[in-house]
Amino acid sequence: MAKFYFGQFQYTQTFFHKLNPTLKIILIFYLVIFLFFLKTIQAYLLFLSFAVFLVLLSRLSFQSVIASFKPVIFLLLFTLFFQLFFTPGMVIINFKILKITREGLNLSIYIAIRIVILTILTFLLTSTTTTTDLALGFRNVILPLKMFKFPVEELSLMISISLQFVPILFEEADRIMKAQMARGADFESGNLFVRAKSFLPVILPLILNAFNRADQLAIAMESRGFILGMKRTSYRVSRFGKNEILAIIFVVVFTVILFVMEGVYA
């Protein structure tokens, strides 16, 4: 059974996969910003339904959707704990030491939904866009900063290489852990400090392998005549067509619906 990592691209022929990567990044970024202006639970639930609909529309693996929440589970639980028990207001449940207030409960629900939506949108972007297209789209987004002598090309190259190394490092770490477990290593027993110490035999070879891969990549790029700062061309040229226009209209209509819902339930 295939193992999925957060951000791993999944190839299928869907509307969202074929969308222009530059527009895709802009729309996702717009939706993330718009999310923080919502105030009613009805709008949040509609936004969550919209995010789930996009995942279904993209025909992504259900297993990968579940796996995408693993990196944020600790952040989600940590945030919910502090918002739930340390927000002042009207007490509804009293545990003597800890108290749950109505304001804390409402705030924790809002934050939980917000984190889930942000995770889904990020997962949707990385799972439907190749690392090359992501780097190209990000480069096009920040291209106007070139007028201010911002190193656009260098930054986009760094992002492209980093995105390509993420799944490789995950697979390398999984391979090293399996090799250590075959030799009797235990990564699950003991307290937090013991478990952290047990990961040292994994971290050190992983870092060494990462440096070796970076060195091999640098040699390969130099042997192909790559010069940092020189003007480069792209094999694939992103264009705007009917799909992009439909995506913009779809997001605009969804925004208007949320605005109306905010006015009704405010």
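Where a number appears in this text, it was derived from the coordinates with a stated rule and is not lab data. Not measured: the values here are computed from a predicted model. Backbone-built Cβ (ideal geometry, glycine too); neighbour counts: all protein chains shown.
Taking 0.36 nm per intervening residue step and subtracting the Cα-Cα distance, what contour gain separates L208 from L118 on full extension?
Working it through step by step, the gained length comes to 29.1 nm.
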Quiz item: How much FRET efficiency would the formula 1/(1 + (r/R0)^6) give for E103 and V260, where r is the Cβ-Cβ distance and R0 is 25 Å, rounded to 0.05?
Solution: 0.40
Quiz prompt | Debye intensity ratio in log₁₀ form over the Cα atoms of the chain, taken at each q of 0.11, 0.12 Å⁻¹ | solution = -0.85, -0.98
Quiz item: How many percent of Cα pairs in the stretch 105-191 exceed 18 Å?
Solution: 67 percent
Exercise. Work out the length of the dipole vector of the chain about its Cα centre, built from +1 on the beta-carbon of each Lys and Arg and -1 on the beta-carbon of each Asp and Glu, and round it to the nearest 20 debye.
Key: 160 debye
Exercise. Would you mind giving the average projected area, over all directions, of the Cα convex hull of the stretch 130-235 in nm² with one decimal?
Key: 9.5 nm²
Self-check item: Cross-link partners of K24 among lysines (Cα-Cα below 16 Å; sequence separation of 8 or more within a chain)
Solution: K242
Practice problem: Report, in debye and to the nearest 20, how large the dipole of the stretch 130-235 comes out about its Cα centre when Lys and Arg carry +1 and Asp and Glu carry -1 on their Cβ. | Solution: 220 debye
Practice problem: Report ³J(HN,Hα) in whole Hz for each residue of the stretch 132-148, in order, from the Karplus equation J = 6.51 cos²θ - 1.76 cosθ + 1.60 where θ = phi - 60°; Gly and Pro get x. | Solution: 5, 5, 4, 5, 5, x, 5, 4, 5, 5, 9, 4, x, 5, 5, 5, 9
Quiz item: Which residues' amide hydrogens lie under 5 Å from the amide hydrogen of T129, considering only partners 5 or more residues apart or on another chain, with H built in the peptide plane?
Solution: Q10
Self-check item: Set of lysines near K70 by C-alpha distance (under 22 Å), chain-local residues within fewer than 8 positions excluded
Solution: K3, K178, K197
Self-check item: Which of A51, M147, I66, positive extreme of dipole for the chain (C-beta unit charges)
Solution: M147
Self-check item: For the stretch 161-175, Karplus couplings with θ = phi - 60° (6.51, -1.76, 1.60), whole Hz, Gly/Pro x
Solution: 5, 4, 5, 6, 7, 4, x, 5, 5, 4, 5, 5, 5, 5, 5
Quiz item: What length, rounded to one decimal in nm, is gained on full extension from I73 through to V52, with 0.36 nm per residue of separation minus their alpha-carbon distance?
Solution: 5.7 nm
Quiz prompt | Contour minus Cα-Cα distance for A218 and K197 (0.36 nm per residue) | solution = 4.3 nm
